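Nothing in this text is a laboratory measurement; each read-out follows from the coordinates by a stated rule. Note that the structure is a prediction, hence the values are computed from the model and not measured. Every residue, glycine as well, gets a Cβ built from its backbone with ideal geometry; the counts of neighbours run over all protein chains shown.
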Amino acid sequence: MRSFCIWAAVVRLEVKGISKRFGVNRVLRDVSFSINDAEILGLIGPNGAGKTTLFECLAGVLPADQGCVFSNNREVDASQRSSVLFFVPDGIAPWPNQPAQWALQFSLGFWGGRRHLYRDVVNELGLEPFLRMPIGTLSKGQRKRVLLALGLLSPQPILAIDEPFDGLDLRQSREAAAALRNHVSQGRTLFVSIHQIGDAAKICDRFVLLSDGQVAGEGKLEELAALAGERLGQAPPSDFEEVFLALT
């Protein structure tokens, strides 16, 4: 499957040849792409494409069968990835018996996070009403906002988030998107998996399309549209959904 790549002036992380198999099921196949400095890179793909497995392999949570990750032209093995990348999984409730405020303060002390941003992050994500509530009692959307706050306060230059808007309503999704964009404008680099294509088109600078465990395309929307048009033998589609369907 052909991929389409564009290289920016500054590459923050370079992924080369990541492969993963579970028994006879080959989930990731020679996955290669780049994460550029101070951008939001979106990982888009159908259900079962291998998006969560890719996140886990990059974060060192799951061992890859093959492949390398480079930062500043230096290979970073799985045990060292936490120094450059902070992974926010989907659907977890860390420290369920502790208040959200405790979790945020503990993470700042444990990881040496961005303490000066604490009040801004709390306000951006609307956490104040439930800061004193145990995380295990929070709704799905409230837990998601706490997880986003944990990520935004982490010290690592790259933040990888699996489904940042899952569980959020329209207003909360817009507020969370604005918060993420604000932190990118201050130099943070984000790699996000987004299920809703419309949300991805609004927030992401570039995209990696994953299909059947392989990279089907990488680049800005107009570049992926050109690739889709070439594949379809027609003018480039103007709708991201059509681009997505053509390439995956």
Exercise. Under a plain spin-label model, where a point goes 7 Å from the Cα along Cα-to-Cβ, how far apart in nm are SER139 and ASP37?
Worked result: 4.1
Problem set entry | Sorted peptide list for 109-119, 85-95, criterion being average Cβ within 10 angstrom, highest first | 85-95, 109-119
Problem set entry | GNM top mover of PHE106, PHE165, PHE207 - the chain, alpha-carbon springs below 10 Å | PHE106
For this session: Work out how much length ARG171 to GLU128 would gain on full extension: take 0.36 nm times their residue separation and subtract the Cα-Cα distance, in nm to one decimal.
Result: 13.8 nm
For this session: For the chain, compute the number of Lys pairs whose alpha carbons are separated by less than 25 Å, excluding pairs fewer than 8 positions apart on the same chain.
Result: 10
Seminar exercise, completed: Quick calc, GLU230 & ARG181: beta-carbon distance into FRET formula, R0 51 Å, rounding 0.05, result 0.95
Exercise. Ranked from highest to lowest mean number of other Cβ atoms within 10 Å per residue, what is the order of the peptides 73-84, 209-220?
Worked result: 209-220, 73-84
Seminar exercise, completed: Counting only residues 5 or more apart in sequence or on a different chain, those whose built amide H sits under 5 Å from that of LEU62 are CYS57
Exercise. With each label point set 7 Å from Cα along the Cα-Cβ vector, what nm distance links SER79 and PHE106?
Worked result: 2.6
For this session: Mind checking which of ASN25, PRO237, VAL76 is farthest towards the positive end of the chain's charge dipole, using Cβ charges of +1 (Lys, Arg) and -1 (Asp, Glu) about the Cα centre?
Result: VAL76
Exercise. Full extension from LEU62 to ASP212: what is 0.36 nm times the residue separation minus their Cα-Cα distance, to one decimal in nm?
Worked result: 52.1 nm
Problem set entry | Under the Debye formula (equal points on every Cα, no solvent term), log10 I(q)/I(0) of the range 111-248 at q = 0.11, 0.14, 0.16 Å⁻¹ | -0.48, -0.71, -0.87
For this session: Write down Rg/Rh for the chain, rounded to two decimals, with Rg from the C-alpha atoms and Rh from the Kirkwood relation over Cα pairs.
Result: 0.97
Seminar exercise, completed: What one gets for the range 93-155 as the Kirkwood radius, inverse of mean 1/r over different Cα pairs in Å, is 11.2
